[in-house]
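This is the structure I have questions about; it appears just below.
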Amino acid sequence: MTRWEYLVRASLSESELTALGADGWELVAVVYNTDRMITIHYLKRPAREAG
């Protein structure tokens, strides 16, 4: 069974997304928060094994 780790970040630029993708992160959702007028990015990648 694949274990996942998750990352949530606000207002990422294209270059930041590219760098995260190179590090194994996959963008799974983007939500615009109308109250705060920001874009929230949700990413996941397979969890790295400890030790």
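The values are calculated or read from the model by the stated rules, or taken from the named source; none is laboratory data. Source: prediction; values computed, not measured. Surface accessibility is based on the protein's heavy atoms, side chains included, excluding ligands, DNA and RNA. Shrake-Rupley method; radii C 1.70, N 1.55, O 1.52, S 1.80 Å.
Yes or no, residue by residue, for (1) open to solvent by less than 50 Å² (accessible area, probe 1.4 Å); (2) β-branched (Val, Ile, Thr); (3) at pLDDT 95 or above:
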| residue | (1), (2), (3) |
| --- | --- |
| THR18 | no, yes, yes |
| ASP23 | no, no, yes |
| VAL28 | no, yes, yes |
| TYR32 | no, no, yes |
| ASP35 | no, no, no |
| ILE40 | yes, yes, yes |
| LEU43 | yes, no, yes |
| PRO46 | no, no, yes |
| GLU49 | no, no, no |
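Anything in region 1-16 that is among the polar types (S, T, N, Q) and open to solvent by 50 Å² or more (accessible area, probe 1.4 Å)? List them, or say none.
Of everything in region 1-16, those that are among the polar types (S, T, N, Q) and open to solvent by 50 Å² or more (accessible area, probe 1.4 Å) turn out to be THR2, SER11, SER15.
Now for a separate question. I'm trying to understand the selection: among the residues of region 9-28, which are closer than 17 Å to PRO46 by Cα and among the acidic types (Asp, Glu)?
ASP23, GLU26
Let me ask something additional. Which residues, counting only those in the chain, are under 8 Å from the mean Cα position of the chain (by Cα) and of a type in the set (D, E, K, R)?
Passing the criteria: ARG9, GLU26, LYS44.
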